[in-house]
1. Report, by residue number, each residue of the range 349-389 that is among the hydrophobic types (A, V, I, L, M, F, W, C) and either part of a strand (DSSP E or B) or surrounded by fewer than 16 Cβ atoms within 10 Å (Cβ to Cβ) (or both).
2. Collect the residues in the range 686-716 that are in contact with an Asp or Glu (Cβ under 7 Å, 6 or more places away or on another chain) and open to solvent by less than 20 Å² (accessible area, probe 1.4 Å), keeping them in residue-number order.
3. When you scan the range 398-408, how many residues do you find that are open to solvent by less than 10 Å² (accessible area, probe 1.4 Å) and at positive phi?
4. Across the range 712-739, what is the total count of residues that are within 30 Å of TYR71 (Cα to Cα) and modelled with pLDDT under 90?
5. Residues that are more than 41 Å from the chain's Cα centre (by Cα) and within 20 Å of VAL226 (Cα to Cα): does the range 292-301 have at least one?
6. Spot the failing condition for GLU623; the list is (1) open to solvent by 40 Å² or more (accessible area, probe 1.4 Å); (2) part of a helix (DSSP H, G or I); (3) in contact (Cβ under 8 Å) with a residue 12 or more places away in the chain; (4) closer than 21 Å to SER61 by Cα, and only one is missed.
7. Exactly one condition in (1) of a type in the set (Lys, Arg); (2) modelled with pLDDT under 95; (3) in contact with a strand residue (DSSP E or B) (Cβ under 7 Å, 6 or more places away or on another chain) is not met by LYS524; state its number.
8. Being farther than 30 Å from ALA552 by Cβ and hydrophobic (A, V, I, L, M, F, W, C) is the filter here, so list the residues in the range 651-684 that pass it.
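The values are calculated or read from the model by the stated rules, or taken from the named source; none is laboratory data. Owing to the predicted nature of the structure, the values given are computational and were not obtained by experimental measurement. Every residue, glycine among them, receives a Cβ derived from its backbone with ideal geometry; neighbour counts consider all protein chains shown. Accessible surface is based on the protein model in full, side chains and every heavy atom, while ligands, DNA and RNA are left aside. Shrake-Rupley method; radii C 1.70, N 1.55, O 1.52, S 1.80 Å.
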Amino acid sequence: MEPAYRPEEAERRWGRRWAELGVGVADPASRLPTFSIALPPPNITGALHMGHALNAVIQDSLCRYHRMRGYEVLWVPGTDHAAIATQNVIERQLAAEGTSKEEIGRAEFDARVAEWYRNYQGRIVEQLRGMGASCDWTRERFTLDPAYVRVIRIVFKALFDQGLIYRGPRIVNWCPRCESAISDEEVEYREHDDLFYQVRYPLVDGEGGVEVATTRPETIVADVAVAVSPGDQRFTHLVGRMVREPISGRTIPVIEDAAVDPHLGTGALKITPGHAPEDFEIGLRHGLPVLTVISLKGTMQVKEVPELDGLPVAEARERAAELLRRSGALVRADPITHQVGHCDRCGAVIEPLVTPQWWLRMESLAAPAAAAAEHGELRFHPPHFRTQYLGWLHGLRDWCVSRQLWLGHRIPVATCANGHVFAFVEEPERCPQCGDRQLSADPDVLDTWFSSSLWPFAILGWPESTVELERFYPTSVLSTGRDIIYLWVARMVIMGLRFTGDLPFRDVIFHATILGADGARQSKSRGNVVDPLEMVGRHGADALRGWGASVAMGTQDSRFDETRLDGFSRFANKLWNMVRLLHLVHFPEGEGRIPPALESGRGELADRWVISRLSLLTAEVTEAMDRFDLGAAVESIRRFSWDEVADWYLELVKPRLDRGDAAALWTTRKVLLTTVALLHPIMPFVTEELAQQFEGTPDTLDEMPWPEVAPDLRDLEAEATMSAFQELAGHLRSWLQELGVSRRRGGPRVPLRLAELAAELRQPEVKRYLAQLTPVEWEESENGAAEGFATLAVGGSVIHLGAGAARHQEVRARLEREVRELESVRASLERKLASEFAVKAPAEVVARERARMEAAVRREDLLRRSLKG
């Protein structure tokens, strides 16, 4: 073996080897129980990001775990065309070249998109494979594949024919930069500092009027009413009367509506159905007209007010305020900080606009999806996401499924010259109703999330009755981020239930969101983006995977800390060195039979203890993997490997290994190989390398049976004895260190006499173990302590340590000086804790000071005992 683990070589070697062995290729004809995952398809908008990397770690770990558990595993990979995101990327490229999509035309634009997909689709796949993602790459899917397009059209036509899809004008979130509608979930709210304008609307039939407050004076020219809360005594005399809109002079009514908050602003609300979602709903209830004064490009279109016409919205706001100021209608303008919606793709400010769109009626579709969660058929991890999921479904409005883009799935609807509108699957030649051949295609494309919502069953061959669909649907689990619980998770459940009659998955894992090192969301503008491939190059794929497992489910926001990757890199090297230490020792072929002495409970204490701890570890890791807690699994393995095997067992067993002790050889092989197998799903590269050092292992650990949980191997007596021994040895080591005794091999050894040994430590190995791990030698003496010996009491044991080193004047002077300092510290803390401080200070501060005092007392006691004699 090499002196150190070389991750880059192992990753190249095992990437090729897994492909040769067909790791990940599923056999639908297998009689094994099935486990399946549909990879959330990454957008083809560039390189892999940390969210993809973290999710790949979770999914691959679960897939490898279930292969080892004896399941037929299918993990279907694929990529998403990401219409609006990809179009934005291409348009930015064109802008940098001094041109636009309109200038180059649709054919050249489509060619650009195709080239982008060719370049980045393969790149993302290779990046995932480089991280060890063991997908079934023979089944890779793309949301623009012809078969996938056909599924989308079948679903759309079915919903259209059932009257669930309709076209109509409703208010949408309009991005003037993308020139498309976007969903509520794609709006990112940012804090803005603006002005809150208080404007007077005069009565038409007399003196007086009503004052309203708004941050958008430019939309006053689209007002169609002023609304007040029913029963608000301040305005009852105005309800039913007409007021004059103060910019164009139109007359509008004062109405009552329960949606008005009487405590917000002036208590009166300007109603602008064309530019505010809440106003649109109020307008529908009262039959109010809809006026639109902002164009699809985000400029004013109001011929009646030339001063505003054609201006960008921000400029029009200032101009409208000036018009109000000049006319005397502006009462006041106060600063306000509020949230303003932005397009999450391009960052432009969203304009609520009424446009004709395609809509999907959601009420009847949402009910079964809610029932699945309410009845426990759909499980969420962490469970509190169930509440969020249900809250969204219960308040669900119709879904705008159309987008005004060049890129995406075309809405499969045509209109003939006679006005008949129909949906289709195959490209139509004539109208199915009247036979007319003059057909016009709908210009819009589908919302990307509509196509993505079909992913779990579309990739398995639906609507055909394929063996893959029969064996692997529903899939077992979905791993995703909390930010798309509404955009994607809920909609997949809705579509899966509607078109297959079953859920698309049983469990949903919401993994952590990885923040930048500064604690903020990662973004290029902040300069805090973490490149996972850079981390792989620096620390190795297993280090990134180990870190990913450790943070996956621990919290919903995890600040990136590269030192933790370094920790997992060192852990991989620690395992490497543990196996390398024994590389020259002859291991018996295969695992062989458990030594009779160990099986009967009469074996060496260290062997019985480590096998018992291994049995517990196997149970802990198995339970953690079953509940998707990769963090608990990897931490249990790390703690056992480092803190128990490396620090204690291997130190104790080395002399026996050198002698070729059969029980020691068997136990060491069993412990190391089982530990490697348990870690394999999470850190597969280093574990494959290590497994090859043992005879009798399969070509890949994916083919190795998962270690069995063996409760009969638990030995609680051995564990209790070793726990007491570790406590005694730990205190002894600390004591010797305080006395300046070196632990170097071959150095002077300190005499040790036994006064009393705790009952659990009265085993023949204990004295030998202490002599192995500490620079002491046992002396037999009937007199116990004598001059030059100090007494150490730990638990139920009392030993006398020859403190000859402490008799050196300079050492003794140092210890005495420290004792005096500790006396002073202890007295000061005692006074502090006896004062009002203990009552008035925060509990955690008092506890911290009390712990300091207790530590000082223990240290002073240790040093005083060391100075005796």
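1. VAL349, LEU353, VAL354, TRP358, TRP359, LEU360, ALA367, ALA371, PHE380 - these are the residues of the range 349-389 that are among the hydrophobic types (A, V, I, L, M, F, W, C) and either part of a strand (DSSP E or B) or surrounded by fewer than 16 Cβ atoms within 10 Å (Cβ to Cβ) (or both).
2. Answer for the range 686-716, where residues must be in contact with an Asp or Glu (Cβ under 7 Å, 6 or more places away or on another chain) and open to solvent by less than 20 Å² (accessible area, probe 1.4 Å): VAL686, THR700, LEU701.
3. 0
4. 2
5. Yes, some residue in the range 292-301 is more than 41 Å from the chain's Cα centre (by Cα) and within 20 Å of VAL226 (Cα to Cα).
6. Result: GLU623 passes all but (3).
7. Here LYS524 meets the rest and fails (3).
8. Matches in the range 651-684: LEU652, VAL653, LEU657, ALA662, ALA663, ALA664, LEU665, TRP666.
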